[in-house]
Amino acid sequence: MSQWIYADNAATTKLDDAAFEAMLPWLKEEYGNPSQPYSFSQKAKQAIRESRESIAACINAEPEEILFTSGGTESDNWAIKCIGPDTDTKKIVTSVIEHHAVLNACKRLDNNRAEADYLSVDKQGIVSREELRQVLELQDGAPRSQRTTIVSIMLANNEIGTIEPIKELAFITHSHGAWFHTDAVQALGHIPVDVKKLGVDMMSASAHKFNGPKGVGFLYVKKGVPLLPHNDGGSQERGMRAGTENVAGIVGMARALKVNCHDLEENQKRLLLLENMLISGLDSLAFIRNGSDNHIPGNISLSFKDADGEALLHRLDFKRICVSTGSACDSVNTQISHVIKAIGVPESYAKGTIRISLGKSNTIADVEAISSALLQIVGGIQKEAYR
Ligand code: PLP
């Protein structure tokens, strides 16, 4: 049986070997509850402390600014729904291309008499700084309750890989007195991320997107940001998210992030090389490459003329190649994705969109196999259409 070629790393990544090894003791021998005072449990408490320090160092934050969560979805929901003050007149600004973890959190608040403004993007998927400035300027001078509480813009888009101008967007946001959150789920561990340089107040991350385990992530919350607790109960996470910690997950996440940050430049170079090989191998096909030149290495969104993304996915699956039609979290939805619509891909191309996302385990042989499969499948479809 031939091997799978996994090219859906924006959906999830393979667990790093070192992260796996680091997790093992906490799944078996070292099972003490970190909150208990005896020495057996204190080792788990120390492992959590060291993991928090290690993660903070990777993003230039303080350890107390890292709050562990169950992943990106929870971090996004927490940041958006629980930013204080606790009023029901919250105003949010976000973009039309956010992940559904952000969009649906905003929608729920919208239903509860809060309001959300959605910024548009250009053809490359870049959020307009000017539009943000205009939206916030309109509210200048209005009572606090009528002004924006939080702006949430992703650091990199999951479907097309575009990296957003977060530093500038955060600066504009702060000059109008609002808080700034970024969803860095697709970026962290793949491009340099420094919360101080970016100037963000909150940042979401998810371990399984950077070769860590699934079901664990964190929310960076800058000191002084008035975030309300997620769970009430015990005193874990300084009382902000009660509940016994996922020790193995936290340890695995910290190790995976450290490994990826250490190898970041090398991985980036390799992935850009693989990307270029793949794209140049498709020369004879009619397609659009979506997104910006400034993108997450390895994230390749392609819209093929006259093709059907869903059918392509299944035909590639038959050849044991894993890709996605858009957002993996939305794979039951066969309509053109909100991101592809927002960047204005022409209809004859939009339906034929797939996302190939290469990761650090992919090889030249993988890329050659993907190119040759696409040449065969899409080449056949396009020949038929032009006949
Ligand atoms: N935000 C972005 C940009 C994502 O790509 C994803 C997952 O695809 C999420 C949030 C959700 O993360 P998680 O799967 O950890 O809940």
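Computed from the coordinates by the stated procedures, all read-outs in this text should not be read as laboratory data. Owing to the predicted nature of the structure, the values given are computational and were not obtained by experimental measurement. Counting neighbours? That spans all protein chains shown, and the Cβs are built from the backbone with ideal geometry, glycine included.
Restricting attention to segment 1-86, which GluC sites (Glu not before Pro) occupy a DSSP loop and are surrounded by at most 11 other Cβ atoms within 10 Å? Let's see the in-between values first.
Values: sites: Glu21, Glu29, Glu30, Glu50, Glu53, Glu64, Glu65, Glu74; in loops: Glu29, Glu30.
Loop-located and lightly packed - Glu29.
If the convex hull of the alpha-carbon atoms of segment 224-359 is projected onto planes in all directions, what is the mean projected area in square nanometres?
Taking a quarter of the hull surface, the average projection is 12.4 nm².
List the residues of segment 136-162 whose backbone N lies under 11 Å from a point placed 7 Å from the Cα of Ser120 along the Cα-to-Cβ direction.
So the set is empty, nothing qualifies.
Quick one: which of 144-151, 231-238 comes out on top by average Cβ neighbours within 10 Å, and what's the full order, highest first?
Packing order, densest peptide first, comes out as 144-151, 231-238.
Assuming R0 = 56 Å, what is the FRET efficiency of Asp263 and Tyr386, from their Cβ-Cβ distance, to the nearest 0.05? Mind dumping the intermediate values first?
Numbers: r = 44 Å, r/R0 = 0.79.
The calculated FRET efficiency here is 0.80.
Would you mind checking the pairs Lys209/Lys305; Lys81/Lys107; Lys45/Lys258; Lys123/Lys351; Lys14/Lys258 and listing those with alpha carbons more than 21 angstrom apart?
Details: Lys209/Lys305 30 Å; Lys81/Lys107 11 Å; Lys45/Lys258 19 Å; Lys123/Lys351 17 Å; Lys14/Lys258 15 Å.
Check vs 21 Å cut-off fails for Lys209/Lys305.
Show me the helices of the chain, taken as full DSSP H stretches, that run 27 Å or more along their long axis by Cα and average 0.0 or above in Kyte-Doolittle hydropathy.
364-386
Quick one: which of 179-190, 258-269 comes out on top by average Cβ neighbours within 10 Å, and what's the full order, highest first?
Output ranking for 179-190, 258-269: 179-190, 258-269.
Pulled fully out, how much extra length does the chain show between Ser348 and Ala18, if you take 0.36 nm times their separation in residues and subtract their Cα-Cα distance? The partial results should precede the final answer.
Details: separation 330, 0.36 × 330 = 118.80 nm, distance 4.50 nm.
Full-extension gain reported as 114.3 nm.
Normalised by the number of residues in segment 27-84, what is the relative contact order in percent for Cα pairs under 8 Å and 6+ residues apart?
16 percent
So if R0 is 35 Å, what FRET efficiency would Ser280 and Gln134 give, r being the distance between their Cβ atoms, rounded to the nearest 0.05? Could you put the intermediate results ahead of the total?
Details: r = 41 Å, r/R0 = 1.16.
Rounded to the nearest 0.05, the efficiency is 0.30.
Can you tell me which of 127-133, 297-303 comes out highest on packing, and rank the rest after it, using the mean Cβ neighbours within 10 Å?
Details: 127-133: 17.1, 297-303: 25.3.
Peptide ranking by packing, descending: 297-303, 127-133.
Could you tell me the calculated FRET efficiency between Lys341 and Gln146, based on Cβ-Cβ distance and R0 = 25 angstrom, to the nearest 0.05?
Efficiency for this residue pair is about 0.25.
What trypsin sites (Lys or Arg not before Pro) in segment 47-120 are in a loop by DSSP, with at most 11 other Cβ atoms within 10 Å of the Cβ?
Taking segment 47-120 and a limit of 11 other Cβ atoms within 10 Å, the loop trypsin sites (Lys or Arg not before Pro) found are Arg113.
Let me have the 222 nm mean residue ellipticity of the chain computed from DSSP H runs of 4+ only, each contributing -39500 (n - 2.57), with the sum over all residues rounded to the nearest 500.
Calculated at 222 nm, the ellipticity per residue is -12500 deg cm²/dmol.
Across the chain, what fraction of all alpha-carbon pairs, as a whole percent, falls in each successive 10 Å bin from zero upward?
Per 10 Å bin, starting at zero, the Cα-Cα P(r) for the chain comes out as 5, 23, 30, 24, 13, 4, 0, 0 percent.
Enter the Cα centre distance for the pair segment 221-247 and segment 1-79, rounded to the nearest angstrom.
16 Å
How high is the relative contact order of the chain? Use alpha-carbon pairs under 8 Å, at least six apart in sequence, and give a whole percent.
Values: 788 pairs, mean separation 87.3, N = 387.
Once normalised by length, the contact order is 23 percent.
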